[in-house]
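Novice: Mind having a look at this structure? Questions to follow.
The values are calculated or read from the model by the stated rules, or taken from the named source; none is laboratory data. Please read these numbers as outputs of a predicted model, since none were measured by experiment. Because the Cβ atoms are built from the backbone with ideal geometry, glycine has one as well, and the counts that use them run over all protein chains shown.
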Amino acid sequence: MDSYDIPESTPSASSRPEDYFVGATPLQKRLESIRKQTSFIPTPPRRKIPQCSQLQEDADPQNVAFLLHKQWTLYSLTPLYKFSYSHLKEYSRLLNAFIVAEKQKGLAVEVGEDFNIKVIFSTLLGMKGTQRDPEAFLVQGLILSPRLKCSGTILTYCNLCLLGSSDPSTLAFQVAGTTGACHHTGILSKSQLPSENREGKVLWTGWFCCIFGDSLLETVSEDFTCLPLFLANGAESNTAIIGTWFQKTFDCYFSPLAINAFNLSWMAAMWTACKVDHYVATTEFLWSVPCSPQSLDISYAIHPEDAKALWDSIHKTPGEVTQEEVDLFMDCLYSHFHRHFKIHLSATRLVRVSTSVASAHTDGKIKILCHKYLIGVLAYLTELAVFQIE
Amino acid sequence: MSPQKRVKNVKAQNRTSQDSNSFQTTLSAWKVKQGPSNSKNISKHGQNNPVGDYEHADDQAEDALQMAVGYFEKGPIKTSQNKDKTLEKHLKTVENVAWKNGLASEEIDILLNIALSGKFGNAVNTRILKCMIPATVISQDSVVKAVSWLCVDKCSGSTKVLFYRWLVAMFDFIDRKEQINLLYGFFFASLQDDALCPYVCHLLYLLTKKENVKPFRVRKLLDLQAKMGMQPHLQALLSLYKFFAPALISVSLPVRKKIYFKNSENLWKMALLAVKQRNRGPSPEPLKLMLGPANVRPLKRKWNSLSVIPVLNSSSYTKECGKKEMSLSDYLNRSGSFPLEQLKSFPQLLQNIHCLELPSQMGSVLNNSLLLHYINCVRDEPVLLRFYYWLSQTLQEECIWYKVNNYEHGKEFTNFLDTIIRAECFLQEGFYSCEAFLYKSLPLWDGLCCRSQFLQLVSWIPFSSFSEVKPLLFDHLAQLFFTSTIYFKCSVLQSLKELLQNWLLWLSMDIHMKPVTNSPLETTLGGSMNSVSKLIHYVGWLSTTAMRLESNSTFLLHFILDFYEKVCDIYINYDLPLVVLFPPGIFYSALLSLDTSILNQLCFIMHRYRKNLTAAKKNELVQKTKSEFNFSSKTYQEFNHYLTSMVGCLWTSKPFGKGIYIDPEILEKTGVTEYKNSLNVIHHPSFLSYAVSFLLQESPEERTVNMSSIQGKKWSWYLDYLFSQGLQGLKLFIRSSVHHSSVPRAEGINYNNQY
């Protein structure tokens, strides 16, 4: 096949690339960036090993405690249009009515009425990578037992305490916009907190965050709030209802965020590289072999200290992980496995990685175990989410 | 004819409401034309007109109707003995006329009054109401009067029900609705009546405007709902309320339900059709909202909406929530913005373009051509960005080969792509999201799935620098191109032709919008021309290789030449300074083709090239100034080279001298003695059959044909014969490029500036 080259006969005008677009619109610029992204390797060849971030340390560790040890389903989310942090209370009212209307199909409900389902929006302080990242926020759906259907003030109050963990002393969550919350607390301090705690049950939790989302933030205007990563825990039908409401209200788009094997091996390497004081779980890999009639799963568990030792022997650049190191790390695991079982794991598909820091499944499920590296894990997930929506 | 008679009745009433909507004006215009002398005219015509009989009969019916109306107006005569008979007779008259031609609005006014005032019995009232069929329109005042009778409570419940049903059925024919809307509160109060409720709901559904939605009414409706349970008519009204005031009420309609109102119209079905036909003109479209089910579908497949494209909905609450305080009156009386659901025509869009309420989900514009116009001209970044995000995410999510195990939704994806392509064709502009989608998905494409849609998307790639797009798009496409069937190759060439056309159109528009005087812009133009020429060269490369792979398939060559038919006319058709010739591989394949139509097409393209190049040359001479778009002499040389070989082959029978040069020794080795004229218009393989049939036409009984007999006069007859066989391209080519003289010679374009 002949090589393709252009004869010189054409108009001999000088052409600089920037000349093509005299008045490049923001969309054209965006396209440029996509071109760059698509034409090069999709992920940068090196990343930082997750570190405990300063901002996170500022925040109350109890705040985020309940985000750990839960399985979250990941979604990517396009920027929210005209979302405002000062209206969280109104949003919760509207979403509440929407959910109730959806649950009892065909029956109209008044906005602001008291229902046995309650939705609360609250901000998650300190959940950001840089100061520029927008504040993360949390949405919780609670089911209240009928006898709690009393006055609104009490509901506000008891929701405040439901937000935290089971420990009633962790009332640190603020419902943004509830200026009167403290006031109510004062009035109602007599009522028995533990008894009210039993009345509501968290049915569904979801939170929106953006950790080091600079690349996305640069390209959108101030009408948009960029929270590219959405994590949900609860029945998917509930996620569907709430997601639909967000899509309708803020013209955004949720799409499930799957993690491919390539990214899973990155996670494996990065999380192994993290220093953990006491290991709570073994490092475990799961490969899937697509063979008929039933697919075969291969689980490969390593003692976390062994994995760390292996990593340390590979690792060269301090504080960073490079593509070569990731490949080498996985290759070492493969060859070790092959030596014992004569199976080439590289021919199978990596499906799940679990370490003491976190565990991730290719279907877009994640469970974060280590509080210290929460931000680090989320930063990588944000990166994946941004890549998906760009 | 019959409506004319009633005009005099309509007139009086019409004067009161002359300054009204367009429908009204068309009606009065009609009246002016026919109105003034109608009665006289009719009688005159009646005498010497074959249709006079009908009119006469009509006249009689009219008189009978007048009498009947008069009778009803007077009220029942108690003493009369044959009262029933007369009543029956008059009722019959009214019914007949009504069902045949409809009643004038004045007659309706009178009869409606009678029916609801309870002068006659229930049965009579029912019969009167049932035949209240307008000839054209119903006056608003009659309805208001009739409603006032309802307040007096003179008529029975069943009459009331029938009246509401009638009102709903005839709603579209009421001339104006402002006064009726003022009675909203009265109708709303009638909801209390259980029998009336379904019909009142329907009426309110037709009548409700944004300002009618008040918190107390919402509460009242919710109370009703609590009392009566889930009633379809209430659901419909409530969802309309929700539509207007989403911050007050929330409701989600069940997916299956389709019918919300009892059919009020079936009593008058035929009559309604007749009235619509009589009115014909643009009847005022009432505000009717689609009662779509809510968009959540609890995870059958994915929860992103029932259909891929969201339903059009004004951005209702984002705006309200954006305000500091949510005062109810604020957003219920929001003025100054134009609600989308009222947007029905292009003039409306133009008038309100500055205050259009944008949809809450930008994706919904894809189904709305008016809003597509808006998207097209608006330079508002958030709007475009919202659309961009929505479209790229949806494409990514829906794409069936992008994710594994998604193939069962192929049909849906195809439809979605079709919608996008329709929108792009409508706007004559590609979307950036689609381009980004192509970058991501083309490397994974198998070349089969949604082929035609996908290639159409390729043809709508917005204009950009070719060298930037090439590695992302065309290199992947080339891989598929070379490894796929000839049909795939042809469709790729077809879509590349469309791409070229779209780029050229875009560029020619762009140039004419800006003055081409400043030098910086000219460099820009140079850049874009460079990009276009790179595209053309790329296609040239593709097609040369494809010709070799497909062993010079005629079918493929047709598509290639189609592409060059666009290319050769860039200078003249698009007014862009660019002439790119085809590569030799294509030219000689076409010249030596066995197919006459290919050769004909080649001739046409050569002819157009000539036109374009001469035009360019002329312009250069006129402008004098050395612009940077002077075509290099190489282009002219190349063209002249092609031209001489072509004329040498077809005309002068000196095929291998100039143009293609082949050493005479080699030619002798082939053993063909008469090689010199073997490629001219007579002996060229694709013309030979024409020559034979030409000769046979001359002398049908001849056993052997002598080709060399076509000479001199016969030569030009032969040419005429060829032209008459539809070889227009050849005709144009020979007319323009061959100098008619005793010594035929090729007429090249002089590329020295001495033209």
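Novice: Would you be able to say whether some residue in the range B:600-610 is part of a helix (DSSP H, G or I), within 14 Å of chain A (Cβ to nearest Cβ) and not β-branched (Val, Ile, Thr)?
Specialist: So far as the range B:600-610 goes, yes, one or more of its residues are part of a helix (DSSP H, G or I), within 14 Å of chain A (Cβ to nearest Cβ) and not β-branched (Val, Ile, Thr).
Novice: Being more than 30 Å from A:Thr219 (Cα to Cα) and of a type in the set (D, E, K, R) is the filter here, so list the residues in the range A:97-147 that pass it.
Specialist: A:Glu102, A:Lys103, A:Lys105, A:Glu110, A:Glu113, A:Asp114, A:Lys118, A:Arg147
Novice: From the list B:Leu576, B:Leu505, B:Leu549, which residue is of a type outside the set (Gly, Ala, Ser), touching a helix residue (DSSP H, G or I) at 6+ places or on another chain (Cβ under 6 Å) and either modelled with pLDDT of 85 or more or over 22 Å from B:Cys603 (Cα atoms) (or both)?
Specialist: Testing whether each residue is of a type outside the set (Gly, Ala, Ser), touching a helix residue (DSSP H, G or I) at 6+ places or on another chain (Cβ under 6 Å) and either modelled with pLDDT of 85 or more or over 22 Å from B:Cys603 (Cα atoms) (or both) leaves just B:Leu576.
Novice: With the requirement that a residue be surrounded by fewer than 14 Cβ atoms within 10 Å (Cβ to Cβ) and part of a loop (DSSP other than H, G, I, E, B), what does the range B:140-192 give you?
Specialist: Those that are surrounded by fewer than 14 Cβ atoms within 10 Å (Cβ to Cβ) and part of a loop (DSSP other than H, G, I, E, B): B:Asp153, B:Lys154.
Let's see how each residue does on (1) within 12 Å of chain A (Cβ to nearest Cβ); (2) more than 24 Å from A:Ile389 (Cα to Cα); (3) modelled with pLDDT under 90:
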| site | (1), (2), (3) |
| --- | --- |
| B:Glu381 | yes, no, yes |
| B:Trp401 | no, no, yes |
| B:Tyr407 | no, no, yes |
| B:Glu412 | no, no, yes |
| B:Cys425 | no, yes, no |
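Novice: Another question, if that's okay. Please list, ordered by first then second residue, the pairs with beta carbon atoms under 7 Å, 6 or more apart or interchain, first in the range A:227-239 and within 13 Å of chain B (Cβ to nearest Cβ), second in a helix (DSSP H, G or I) and crowded, with 20+ Cβ neighbours inside 10 Å.
Specialist: A:Pro228/A:Leu216; A:Pro228/A:Thr382; A:Pro228/A:Ala385; A:Pro228/A:Val386; A:Pro228/A:Ile389; A:Ala232/A:Thr239
Novice: Going by the structure shown, is A:Phe246 part of a helix (DSSP H, G or I) and either closer than 16 Å to A:Lys82 by Cα or within 14 Å of chain B (Cβ to nearest Cβ) (or both)?
Specialist: Working: part of a helix (DSSP H, G or I): yes; either closer than 16 Å to A:Lys82 by Cα or within 14 Å of chain B (Cβ to nearest Cβ) (or both): yes.
Judged against the criteria, A:Phe246 is a match.
Novice: Moving on to the next point. Keeping to the range A:199-243, report how many residues are in a loop (DSSP other than H, G, I, E, B), in contact with a Leu (Cβ under 8 Å, 6 or more places away or on another chain) and surrounded by fewer than 21 Cβ atoms within 10 Å (Cβ to Cβ).
Specialist: Of the residues in that region, 5 qualify.
Novice: Mind listing just one residue for me: the one in the range A:94-131 that is among the basic types (Lys, Arg) and not in a helix (DSSP H, G or I) and, of those, farthest from the chain's Cα centre (by Cα)?
Specialist: A:Lys105
Novice: Now for a different question. Can you spot a residue in the range A:86-108 that is in contact (Cβ under 8 Å) with a residue 40 or more places away in the chain, among the polar types (S, T, N, Q) and facing chain B (nearest Cβ under 10 Å)?
Specialist: Yes, some residue in the range A:86-108 is in contact (Cβ under 8 Å) with a residue 40 or more places away in the chain, among the polar types (S, T, N, Q) and facing chain B (nearest Cβ under 10 Å).
Novice: Restricting the range B:357-385 to residues that are among the small types (Gly, Ala, Ser) and in a helix (DSSP H, G or I), which is surrounded by the most Cβ atoms within 10 Å (Cβ to Cβ)?
Specialist: Once the filter is applied, the top-ranked residue is B:Gly363.
Novice: Also, I was wondering about something else. All but one of (1) surrounded by 18 or more Cβ atoms within 10 Å (Cβ to Cβ); (2) under 24 Å from B:Pro246 (Cβ atoms) hold for A:Glu113; which doesn't?
Specialist: Of (1) surrounded by 18 or more Cβ atoms within 10 Å (Cβ to Cβ); (2) under 24 Å from B:Pro246 (Cβ atoms), only one is false for A:Glu113: (1).
Novice: Please state which one of B:Lys658, B:Lys626 is under 27 Å from B:Ile572 (Cβ atoms) and modelled with pLDDT under 85. Steps first, answer last, please.
Specialist: On the way: B:Lys658 fails: under 27 Å from B:Ile572 (Cβ atoms).
Exactly one of B:Lys658, B:Lys626 is under 27 Å from B:Ile572 (Cβ atoms) and modelled with pLDDT under 85, namely B:Lys626.
Novice: Within the range B:193-204, track down each residue that is outside any helix (DSSP H, G or I) and of a type in the set (A, V, I, L, M).
Specialist: Correct list: B:Ala195, B:Leu196.
Novice: Search the range B:432-449 for residues that are more than 10 Å from chain A (Cβ to nearest Cβ) and pair each with any residue that is acidic (Asp, Glu) and assigned to a loop (DSSP other than H, G, I, E, B) when their beta-carbon atoms are under 9 Å apart and the residues are at least 6 apart or on different chains.
Specialist: Sorted first by the residue in the range B:432-449, then by its partner, the list stays empty.
Novice: Of the residues that sit in the range B:530-576 and are assigned to a loop (DSSP other than H, G, I, E, B) and under 15 Å from B:Gln501 (Cα atoms), which one is farthest from the other protein chains (Cβ to nearest Cβ)?
Specialist: B:Asp569
Novice: Additional query: Restricting attention to the range B:216-244, and to residues there that are assigned to a loop (DSSP other than H, G, I, E, B) and within 9 Å of chain A (Cβ to nearest Cβ), which single residue is surrounded by the fewest Cβ atoms within 10 Å (Cβ to Cβ)?
Specialist: At the first step, the residues of the range B:216-244 found to be assigned to a loop (DSSP other than H, G, I, E, B) are B:229-231.
From the residues that got through so far, the ones that are within 9 Å of chain A (Cβ to nearest Cβ) too are B:229-230.
On the way: B:Gly229: 10, B:Met230: 13.
For the range B:216-244, the residue satisfying everything is B:Gly229.
Every residue, every condition in (1) farther than 17 Å from A:Thr73 by Cβ; (2) modelled with pLDDT under 60; (3) β-branched (Val, Ile, Thr), yes or no:
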| site | (1), (2), (3) |
| --- | --- |
| A:Ile187 | yes, yes, yes |
| A:Asn197 | yes, yes, no |
| A:Gly206 | no, no, no |
| A:Val220 | yes, no, yes |
| A:Phe224 | yes, no, no |
| A:Glu236 | no, no, no |
| A:Trp245 | yes, no, no |
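Novice: Could you tell me which of the residues B:Leu91, B:Leu111, B:Leu87 is under 48 Å from the mean Cα position of the chain (by Cα) and either surrounded by 14 or more Cβ atoms within 10 Å (Cβ to Cβ) or modelled with pLDDT of 70 or more (or both)?
Specialist: On the way: B:Leu91 fails: under 48 Å from the mean Cα position of the chain (by Cα); B:Leu87 fails: under 48 Å from the mean Cα position of the chain (by Cα).
Selected residue: B:Leu111, the only one of B:Leu91, B:Leu111, B:Leu87 that is under 48 Å from the mean Cα position of the chain (by Cα) and either surrounded by 14 or more Cβ atoms within 10 Å (Cβ to Cβ) or modelled with pLDDT of 70 or more (or both).
Novice: Would you confirm whether any residue within the range A:251-266 is small (Gly, Ala, Ser), surrounded by 21 or more Cβ atoms within 10 Å (Cβ to Cβ) and modelled with pLDDT of 90 or more?
Specialist: no
Novice: Output the number of the condition that A:Ile120 fails; it satisfies all remaining conditions of (1) within 14 Å of chain B (Cβ to nearest Cβ); (2) β-branched (Val, Ile, Thr); (3) over 24 Å from A:Asp214 (Cβ atoms); (4) buried (at least 23 other Cβ atoms within 10 Å of the Cβ).
Specialist: (1)
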